[in-house]
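First comes the structure, then the notes that go with it.
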Amino acid sequence: TEAVSAEGIPAETFYIEDLLRGKPESTRQLFEEVREAIFALGEADMILEKANKNIVSYRHGKNFCELWIQNARLKLWIDIPAAQLDDPYGLARDVSRVGHWGTGESEVSLGSLNELDKVMDLVRQAYQLTL
């Protein structure tokens, strides 16, 4: 069954491969590592991944993280108010009053696997709010 908009027009379908097209191999690998770490937060098939026009969203009942694949880094929006986020490394930026693609209020940028554990600690906090 094809998705249809409210106007009865077939809705456009997006794929992660479309978002990865033309990106450097290092960025593609970084995305795969983040993706694997996000899925490891929950039981099999409990976290849903959806490619949109510009971002990939992750949800467990509700969205908890959105990710934008840029050329040299990933930008993540974490669905937790900045004031509630335990961020000892000061990685997140409050974007609650700034335009952005994700629904989250906290933004973090990931450019290296060295930062993965610190970033995933922040994502984990938003995921736990969905439990």
**Message:** Could you work out the relative contact order of the chain? I mean the mean sequence separation of Cα pairs under 8 Å and 6+ apart, divided by the number of residues, in percent.
**Reply:** 22 percent
**Message:** Ignoring GluC sites (Glu not before Pro) that are buried or in helix or strand per DSSP, and keeping those with at most 11 other beta carbon atoms within 10 Å, what is the longest stretch of the chain between them?
**Reply:** 44-131
**Request:** Check cross-link reach from Lys118 to the lysines: straight Cα distance under 19 Å, and skip same-chain residues fewer than eight apart.
**Result:** Lys75
**Fill in**
Connecting every pair of Cα atoms under 10 Å apart in the chain and solving the GNM, the largest mean-square fluctuation among Phe31, Phe64, Phe39 falls on Phe39
**Complete:** Stretched fully, the stretch from Gln29 through Asp117 gains (0.36 nm per residue minus C-alpha distance, one decimal, in nm) 30.1 nm
**Asked** For the chain, modelled as a GNM with alpha-carbon contacts under 10 angstrom, which of Arg73, Arg28, Arg93 fluctuates the most?
**Response** Arg93
**Asked** Taking a probe of 1.4 angstrom, what is the accessible area of Trp101 in Å², to the nearest 10?
**Response** 130 Å²
**Message:** If you roll a 1.4 angstrom probe over the protein chains with everything in place, what fraction of the accessible area of the chain belongs to carbon and sulfur, to the nearest %?
**Reply:** 47 percent
**Request:** Once you have all Cα-Cα distances for the chain, histogram them in 10 Å bins from zero and send the whole-percent values.
**Result:** 12, 43, 34, 10, 1
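Assuming 0.36 nm per residue, please report the length gained on full extension of the stretch Asn71 to Ser109 beyond their Cα-Cα distance.
Here the answer is 12.5 nm.
Provide Rg over Rh for segment 40-102; use the alpha carbon set for both Rg and the Kirkwood Rh (inverse mean inverse pair distance).
Numbers: Rg = 12.6 Å, Rh = 13.0 Å.
We get a ratio of 0.97 for segment 40-102.
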**Fill in**
Between Lys50 and Leu129, the FRET efficiency computed from the C-beta separation at R0 = 22 Å comes out, to the nearest 0.05, as 0.70
**Complete:** Most fluctuating of Gly90, Gly111, Gly42 in the GNM of the chain (C-alpha, under 10 Å) is Gly90
**Solvent-accessible area per residue for the chain (1.4 angstrom probe, square angstrom)** = 60 Å²
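The values are calculated or read from the model by the stated rules, or taken from the named source; none is laboratory data. Please read these numbers as outputs of a predicted model, since none were measured by experiment. As a convention, Cβ positions derive from the backbone with ideal geometry for all residues, glycine included, and neighbour counts pool all protein chains shown. What goes into the accessible areas is simple: the full protein's heavy atoms, side chains included, and nothing from ligands, DNA or RNA. Shrake-Rupley method; radii C 1.70, N 1.55, O 1.52, S 1.80 Å.
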